[in-house]
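What follows is a set of notes on a single structure, which appears directly below.
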Amino acid sequence: MLAVNNLSINYGERYLFDDLSFTINPHDRIGLVGSNGAGKSTLLKIIAGINPPMEGSVNKARFITTGYLPQDAVVESDLSLYKEVESAFEDVLMIEQELHEAYEKLAVSDHTSEEYAELLEIIGELQHKQEDADAFRLKSKIEIVLMGLGFSVPDLERQTKTFSGGWQMRIALAKLLLLEPSVLLLDEPTNHLDIESLQWLEEYLQQYNGAIILVSHDRAFLDSLTKKTFALSLGKMEIYSGNYSFYEKERVLRKELILNAKKNQEQQLKQTEEFIERFRYKATKARQVQSRIKQLEKVERIEVEDEEEEIHFHFPQAQSSGRVVMELQNIRKTYPRTNGAGGENIVYDQLQYTIERGDRIAIVGVNGAGKSTISKIAAGIEAFQSGERIVGYNVIVSYFAQHQAEELEMNKEVLQTVDEVAQGEIRTKLRSILGSFLFRGDDVFKKVKVLSGGEKSRLALAKMLLAPANFLIMDEPTNHLDMRSKKVLQEALKEFDGTYLIVSHDRAFLDTIVNKVLEISPGGKIKTYLGNVSEYLEAKKKEKQLSLITGEVNRRHETPLNASAEVHAAHGDTRGKENKGNGNTAPKKNLFQIKKRLEKIEKEIAQLEEEKKKLETAMTKAEFFKHPIKAKTMTSEYDEITKKLNVLMEEWAELEEEHENQR
């Protein structure tokens, strides 16, 4: 479907890619991995046609389209959110415009003229094009994707440029998903998603009818979606026929084979070099010596990527806190409304929460629910209108959020910044620790002011972790970390003997380090789940299943009463009422008609009950909850069948009673 042939890119003598070749097949699910600077984003841009290759080519069939989502995708526009996303369908909008113009001309044309006949033909062709482009489902498709990515109905009319950077990325992602390119190229699409949106995207991409190449540091996301892994290293690419977990295991095995091959090659080269040195000046061996020299020149040396030093980072020891670390009592937190409507936006009202020593809490919930707000209140940097924040005995709080980078001293060097807070023997390992946060070599001597936004965030995190504390509060600490850096932080948190709150959507990172999940819902509602994030998601799934079952039971009790009213209205129920006109009662059906109608109803009831049974079976399976759009359709169908059954059962009961009375 798409082939990359002999791709090479070099910067001076350094090759980013050297003679890279691979193919992308329809429906491929590829994870693109490699250390920072390996060229993952560059490769995606070349495949997308944004950057040209220096050498080699990207060949694709004429009908193949590519769509690329960069890490820093921004969509700024004066259009409303809905109109901006709709603009992705330029061809469909053009058809609608042409159709509108054709109808306007038709309205003022003589219906007996040739022009009128031509316009009718044009309108017919345009309507066919609309059907082919699925234009009639355009609005529902746009709304499904936007709601899935976390936007609300009021957001649809908001100006695109009023959304923050994280939401801008979601807008760009929505446009890309709706365009449905043949090859979808996603560079860190999960960075600004909450857990609910992340789950929706995962399910959506699992059903995507095209190829996907994905760069992500979210291991759970990669494992769930990918079937192949392309690993970039030393300008070369290795292909693994499995997901990220498979790649990690297989990579170790391949490394052993390469090391053995290198060892054998070095032994053979040593023997050849010894032969050359021994017989270099012997005339009788001159021909053989020259032959061996040429052999050496032709040998392609086996390269092995330098094994990065294993870094084991331990938090500085702090005094133990009391049993109760913090209490939030009757907290009320509001913000002024920014949409010109006036009044207050209530985030929390009478919030009560207690954190005890040893609690390792993941804070989850949709964006805007108040996750960052509760972490700031706990950290003591966010004011609130009423209530109390009670800090426990001997508690030392350390807080990290993305904006912490702004508080770094810009004229200091990276190494100097962490050295100021480090204490004890850990100071001897500062360069290694900075290396785990991707500051390598001379990077440690850079001034803070020349660092990128991501580098500043990593430095702020490293600085925070080096200060002694027994209560850590972290807001999205993994956003700018690679797999290795996350592992270093994860291992350190496992061994940490204090308490922490972490706002994050990275399931693989959180699962091994948390023992509670605090769910924040819009309106300031909170609920605590014991266990890790995977157990929380499983509990939510069961809650949803129970809610569906409970709702159905309630409908079964309520619907017959409503259905009865509908039946009586449909059949002109006159019970308790006098007939108008001559006072005669409505003519009764004869026995034959009643019996015939009863037989027909019984067949319809049997058919509907069979359909209902099939739907009930499908709705109890785990697959039902993996596809929310399909689940919604099935639930609507189930409700419709139940309603029809209730109506028919009511009619059957009435006819059966009438049948008995006339016998």
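With the simple spin-label model, which puts each label point 7 Å out from Cα in the Cβ direction, the R287 to L415 separation comes to 5.9 nm.
From the P(r) of the stretch 324-531, can you give the percent of Cα pairs sitting at distances over 28 Å? Don't skip to the end; give the middle numbers.
On the way: 6794 of 21528 pairs.
In whole percent, the long-distance tail amounts to 32.
For chymotrypsin sites (Phe, Trp or Tyr not before Pro), the sites in the stretch 214-282 that DSSP calls loop and that have at most 16 other Cβ atoms within 10 Å are Y281.
Counting only DSSP beta bridges with both residues in the stretch 324-531, the antiparallel share comes to about 55 percent. When DSSP beta bridges are restricted to pairs lying wholly in the chain, around 55% turn out antiparallel.
In whole percent, what relative contact order does the chain give with Cα contacts below 8 Å and a gap of six or more residues? Intermediate values should be presented prior to the final figure.
Values: 966 pairs, mean separation 76.9, N = 663.
Answer for the chain is 12 percent.
Here are several values of volume of the Cα convex hull per residue in Å³: (i) 302; (ii) 216; (iii) 197. Which one was derived from the coordinates shown? Label (i) holds the value from this structure. For the stretch 375-420, GluC sites (Glu not before Pro) meeting the loop criterion (DSSP other than H, G, I, E, B) and having at most 10 other Cβ atoms within 10 Å: none. Approximating the spin labels as points 7 Å out from Cα along Cα→Cβ, the E388-to-R251 distance works out to 5.2 nm.
When S241, S109 are arranged by Cβ crowding within 10 Å, least crowded first, meaning fewest neighbours, the order is S241, S109.
How about the stretch 30-108: which GluC sites (Glu not before Pro) there are in a DSSP loop, with at most 15 other Cβ atoms within 10 Å of their Cβ?
On the way: sites: E55, E76, E84, E86, E90, E96, E98, E101, E104; in loops: E76.
Filter output for the stretch 30-108: E76.
Of the Cα atoms belonging to the stretch 250-298, the radius of gyration and Dmax stand at 15.0, 50 Å. A straight chain from E303 to S164 at 0.36 nm per residue would run longer than the Cα-Cα distance by 45.5 nm.
Which ordering of W652, W200 is given by a fewest-first count of other beta-carbon atoms within 10 Å?
Details: W652 16, W200 20.
In increasing order of surrounding Cβ atoms, one gets W652, W200.
Readers should treat all values here as calculations from the given coordinates under stated rules, not as data from a laboratory. Every value quoted in this text rests on a predicted model; they were computed, and no experiment measured them. Positions of Cβ are backbone-derived with ideal geometry, glycine not excepted, and every protein chain shown enters the neighbour counts.
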